[in-house]
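What follows is a short report on a single structure.
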Amino acid sequence: MASGLHDSTVTNPVLRWIDQRMPVITMMQKEYGSFPTPRNFNYFWNFGALAMINLLIMIATGIFLAMNYTPHTSLAFDSVERIMRDVNYGWLIRYVHMNGASMFFIVVLVHVWRGMYYGSYKTPRELLWILGVVIFLLMMATAFMGYVLPWGQMSFWGATVITNLFSAIPLVGNSIVTLLWGGFSVDNPTLNRFFSLHYLLPFVIAGVVFLHVAALHITGSNNPLGIEPKGPQDTLPFHPYYTIKDSVGVIVYLMVFAVLVFFMPNYLGHPDNYIPANPLSTPAHIVPEWYFLPFYAILRAVPDKLMGVLAMFGSIAILFVLPWLDSSPVRSMRFRPIAKWLFLLWTVNFFVLMWAGGKPAEGHYILIARLATAYYFAYFLVLLPLLSKIERPLPLPESIARPVLRGGGPLPGAATAQPMEKA
Amino acid sequence: MADTLAPSSSPPVEGGAHAPADGTKRDFLKLVAGSFAAVGVGAIVWPFIASMNPAKDVLALASTDVDLTHVAEGQAVTVMWRGKPVFVRHRTAKEIEEAQAVPLSDLRDPQTDQSRVLREPWLIVVGVCTHLGCVPLGQKSTDPRGDYGGWFCPCHGSHYDTAGRIRRGPAPLNLAVPEYEFRSDTQVRIG
Amino acid sequence: MALRFVKAAALAAAVGLSASLPMGAAKAAEGPVELPHVNFSFNGPFGTFDRAQVQRGFQVYKDVCAACHGMHLLAYRNLRDIGLSEEEVTAIAASVQIQDGPNDNGEMFERPGRASDRFRRPFANDAAARAANNGALPPDLSVITKARVGGAQYIHALLVGYTQPPEGVTVMEGMHYNEYFPGHQIAMAPPLVQDGQLTFGDGTNATVDQMARDVSAFLTWAAEPELETRRAMGVRILIFLAILGGLTYAVKRKIWADVH
């Protein structure tokens, strides 16, 4: 072994030569092969891997769409339809990209929900969580700008409304909006810069995902019990146990994805976006894509322009400080009898906001949106801090392996023992 | 999955460390599942590659009509067809004679003049040098036409004769003859 | 200041436009109307197009709609997909004059259409279209079924939905009452007015309802020409994924067998 070379255990001579000089194979083996992973993951732990695959799908389809897309106000709409009609498999690539955005949000929302339910944001994983929130914000920005590119009515008016949010900023608001637009309305310069940024941001997301995973591999994964593994009996090597379990999840995910793409490709879209953008006529009901609806509802629930915008951004920004709002030492909601129900109510409340965001901003819809907005924030700002002090958690298991053995004893014949998780 | 784990057994580190009978069955399953997955990945790659081939509207590109009325003897016009220049040359009797007189044994890419022309005196060739795709000179009367009176490619010095055949230089083939038809004495449709 | 002025001007223009186009303005006031259900061959997840119907629909479009509505995303060559022969497509294309140019004199000129041409636009531009239609813009129909809630069902309903206005409703000058149009007042005069307005080559009785159905089917094909390929591919991919999923799950159970 020449000095200065990495001490590689790879046997293939070519790979070994590379690994000695740049130990990527050793690294992959360590991080994705033997990486000790809690043995009790349930299927909610698939969604991180699914999100990563979804990002790759979006980047791949996006690159090929960009080969045929024209970012110009007078050509964008037709160029998208040309992709649908004339480019070989263009309809497939475009529908995968379009519905892939929805799939991405479904997957990431479940991933975030899992983190909240099982307390994955708590120490020592605060930075891991914060990086995740950064990814979520970048995703929203990317999705918003991507939706503008086909230059339909919803593209145009969505862009107009969302960029106008910044006009709520005192003093410099209007100048910022003009800067964002590159003109005095959403127009060709806006479309061009959105295309440029829409192409760029996914790679930024990929970079933050790398940091997210790097941070994960320092602390290790949380698990449904929310207690740290106490030794090798509590963990399994990532491969093959979780590579195969993730594979099962990937297939199920692809099947849902395929149903959307092949049988209901426009179900989650809005018909108005098949009308070319018309700066002189706003559609009667303008609604954002479904994944923005909860935040849109919060925006409209607040009667003041600036406060509404602040509430909307605040509803996501509050996630950054969630690790410090919830100071209960118990991670998993399984052992938090009160917080569990309040969080499940918060989940229902999130869907109420989503529903209210799709309704016209009038009458009792406003009232419902306001109540839901109040609960959204109260959960974070009042209930969680309060519960951290007054809630009596249930007794935690001694270790991850322990519940698997409970009731059965050490004898192999104990077929009645139930694993904690369907794994 | 109802089996319980004996407390003493630590989790296996490698996938292969199991009872052999079980292992064989698993390996076969793995092989089948792996092959299926590989087929799937292969099938996913294809649409992406195919999307880079010419789209349907590109393949359906219109043919180009050329009006020959105003092309005098000795003159040439260049028209655009499928994004490429097409040379239409009204050859003089001398040029035709020269082209026909060349013995095939002198040619790198042997083709008779007659086989390259539908109707005299019109020579119609794609104006793209068969070496590396430059557009040869020789359409304008002021252009250099090379040592054989046809076209001369300035990029790497290929000389073409009055039938558009390669005579000297690096190009391997004669200038290509596109598909075309005479719709009347003065109307040609290329493509 | 400049920005404010531009905004005000845009607003004024928008207000003026919506006043001239009550179809847009009235949309908000109306709830959804129940559409009469048509059992199209392409309904449901596995439906396909009825070629004969789509061809009849094209005839309706060509003889009736095309006078005002363009379909600029379609080319005549696309008609091969609905079962027309190459000769038929060439003849259809050649029957219209397409603007081309400029020629050697720098002038635009008209020539007979070719299969590779996009459908001829009835008006040179939107302003010309408005001028010829009492201020209303006949929308391009290329993707109209994707651009309207209800799709083909809505198009059919609209075409058969012209009725006398109910008591107490005054229809504005130049407008027509339509049961299914949002706001009920539509600038388009009833395009399909009587049975036998045109004669179908395949002998189908050209009732107003039949013509409306056929043209709706044609417009659905025009908006989603990939529909049949897409669904067929989807079935194959789902079957593939189901098998792969079963295999993967079996492998997963084997691997995990000794953990539980």
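The values are calculated or read from the model by the stated rules, or taken from the named source; none is laboratory data. Note that the structure is a prediction, hence the values are computed from the model and not measured. Backbone-built Cβ (ideal geometry, glycine too); neighbour counts: all protein chains shown. Just so you know, the surface numbers come from the protein's heavy atoms only, side chains and all, with ligands and any DNA or RNA stripped out. Shrake-Rupley method; radii C 1.70, N 1.55, O 1.52, S 1.80 Å.
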With a 10 Å cut-off between alpha carbons and a GNM built on chain A, which of A:Pro395, A:Pro323, A:Pro224 moves the most?
A:Pro395
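Counting Lys and Arg as +1 and Asp and Glu as -1, what is the net charge of the other residues whose Cβ lies under 15 Å from the Cβ of B:His159? The partial results should precede the final answer.
On the way: positive: B:Arg108, B:Arg145, B:Arg165, B:Arg167, B:Arg168; negative: B:Glu95, B:Glu98, B:Asp106, B:Asp109, B:Asp143, B:Asp147, B:Asp161.
Once all neighbours under 15 Å are counted, the net charge is -2.
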Computed label-point distance, nm, for sites C:Asp81 and C:Ala128 using a 7 Å Cα→Cβ extension:
2.7 nm
Residue by residue through A:77-86, how many Cβ atoms from other chains fall within 10 Å of the Cβ on average?
5
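Keeping every protein chain present and rolling a 1.4 Å probe, give me the accessible area per residue for chain C in Å². It would help to have the intermediate numbers written out before the result.
On the way: 12870 Å² over 260 residues.
With the other protein chains kept in place, chain C gives 50 Å² per residue.
For region A:318-390, which whole percent of the accessible surface, found with a 1.4 angstrom probe, sits on carbon and sulfur atoms? Present the calculation step by step, with values, prior to reporting the outcome.
Numbers: 2660 of 3540 Å².
Solvent-exposed carbon and sulfur of region A:318-390 make up 75 percent of the total.
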Indicate the helices, whole DSSP H runs only, in chain A that combine a mean Kyte-Doolittle hydropathy of -0.5 or more with a Cα extent along their long axis of 24 angstrom or more.
A:47-66, A:90-117, A:126-148, A:188-219, A:238-263, A:337-357
Using +1 on the beta carbon of Lys and Arg, -1 on that of Asp and Glu, and nothing else charged, what's the dipole of the protein assembly as shown about the Cα centre, debye to 20?
2960 debye
Let's see if you can work this out: charge +1 on each Lys and Arg Cβ, -1 on each Asp and Glu Cβ, no other charges. What is the dipole magnitude of chain A about its Cα centre, in debye to the nearest 20?
940 debye
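Skip the ligands, DNA and RNA, and give the accessible area per residue of region A:122-168 with a 1.4 Å probe, whole Å². Spell out each step's value before the answer.
Numbers: 1290 Å² over 47 residues.
Computed with neighbouring chains in place, this is 28 Å² per residue.
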Just want the answer: with Cβ charges of +1 for Lys and Arg and -1 for Asp and Glu, which residue in C:Met188, A:Ala311, A:Leu322 is farthest toward the dipole's positive end in the protein assembly as shown?
A:Leu322
For chain C, the helices passing both cut-offs (Cα extent along own axis of 30 Å or more, Kyte-Doolittle mean at least 0.0, full DSSP H runs) are C:227-256
Treating only the Cβ atoms of Lys and Arg (+1) and Asp and Glu (-1) as charged, compute the dipole magnitude of chain C about its Cα centre; round to the nearest 20 debye.
1140 debye
Among C:Gln97, C:Gln153, C:Gln197: highest mean-square fluctuation, GNM of chain C, C-alpha pairs under 10 Å
C:Gln97
Could you state the number of Å between the C-alpha centres of region A:212-263 and region A:42-64?
13 Å
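Can you give the calculated 222 nm mean residue ellipticity of chain C, where each DSSP H run of n ≥ 4 adds -39,500 (n - 2.57) and the sum is split over every residue, rounded to the nearest 500 deg cm²/dmol?
Numbers: 8 runs with 108 residues, N = 260.
Calculated from helices alone, the mean residue ellipticity at 222 nm is -13500 deg cm²/dmol.
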On a 0 to 90° scale, report how tilted helix B:20-50 is relative to the longest principal axis of chain B, with both axes built from alpha carbons and the result rounded to the nearest 10.
30 degrees
Considering protein heavy atoms only and a 1.4 Å probe radius, which residues within region C:54-77 exhibit an accessible-area decrease of no less than 40 Å² in the full assembly relative to the chain by itself?
C:Leu73, C:Arg77
When the charge dipole of the protein assembly as shown is computed with +1 on Lys and Arg Cβ and -1 on Asp and Glu Cβ about the Cα centre, the Cα farthest towards its positive end, among C:Asn43, B:Ala43, C:Trp221, belongs to B:Ala43
Could you tell me the center-to-center distance, by alpha carbons, between region A:289-355 and region C:38-100 in angstrom?
51 Å
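Using R₀ = 51 Å, calculate the FRET efficiency as 1/(1 + (r/R₀)^6) where r is the Cβ-Cβ separation of B:Arg189 and A:Leu310; round to 0.05. If you can, show how the numbers build up before the last one.
Working: r = 67 Å, r/R0 = 1.31.
Between B:Arg189 and A:Leu310 the formula returns 0.15.
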Excluding residues fewer than 8 places away in the same chain, name every one of the aspartates and glutamates whose C-alpha is closer than 20 Å to that of A:Lys230.
A:Glu31, A:Glu398, A:Glu421
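How much length would be gained if the chain were fully extended between A:Thr243 and A:Tyr32, taking 0.36 nm per residue of separation minus their Cα-Cα distance, in nm to one decimal?
Working: separation 211, 0.36 × 211 = 75.96 nm, distance 0.84 nm.
Gain in length upon complete extension: 75.1 nm.
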MRE, 222 nm, helices only [DSSP H, n ≥ 4, -39500 (n - 2.57), over chain B, to nearest 500]
-7500 deg cm²/dmol
GNM top mover of B:Val86, B:Val39, B:Val66 - chain B, alpha-carbon springs below 10 Å:
B:Val39
Given a Förster distance of 35 Å, the FRET efficiency implied by the Cβ-Cβ spacing of A:Ala317 and B:Val41, rounded to the nearest 0.05, works out to 0.30
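Which entries in B:Lys84/C:Lys146; C:Lys62/C:Lys146; A:Lys122/A:Lys389; A:Lys359/C:Lys146; A:Lys340/C:Lys252 show an alpha-carbon gap greater than 27 Å?
Working: B:Lys84/C:Lys146 38 Å; C:Lys62/C:Lys146 20 Å; A:Lys122/A:Lys389 16 Å; A:Lys359/C:Lys146 21 Å; A:Lys340/C:Lys252 31 Å.
Flagged as over cut-off: B:Lys84/C:Lys146; A:Lys340/C:Lys252.
For the pairing of chain B with chain C, what total accessible surface becomes buried, with a 1.4 angstrom probe, in square angstrom to the nearest 100?
Result for this pair: about 1900 Å² buried.
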Mean ellipticity per residue at 222 nm, deg cm²/dmol - from DSSP H runs of n ≥ 4 across chain A, formula -39500 (n - 2.57):
-19000 deg cm²/dmol
Of A:Asn40, A:Thr73, A:Gly4, which is farthest towards the positive pole of region A:1-125's charge dipole, taken about the Cα centre with +1 and -1 on the beta-carbons of Lys, Arg and Asp, Glu respectively?
A:Asn40
Checking every Cys Cβ in the protein assembly as shown against the others at 4.7 Å leaves as unpaired C:Cys65, C:Cys68
How many nm is it between the label spots at A:Ser327 and A:Lys340, if each spot is 7 Å from the Cα in line with the beta carbon?
2.5 nm
According to a simple spin-label model (label point 7 Å from Cα along Cα-to-Cβ), what is the distance in nm between A:Ala206 and A:Val252?
2.9 nm
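Using a Förster distance of 25 angstrom, determine the FRET efficiency expected from the C-beta separation of B:Cys155 and B:Val58, and round it to 0.05. Display every interim value, and only then the final one.
On the way: r = 26 Å, r/R0 = 1.05.
Using R0 = 25 Å, I get an efficiency of 0.40.
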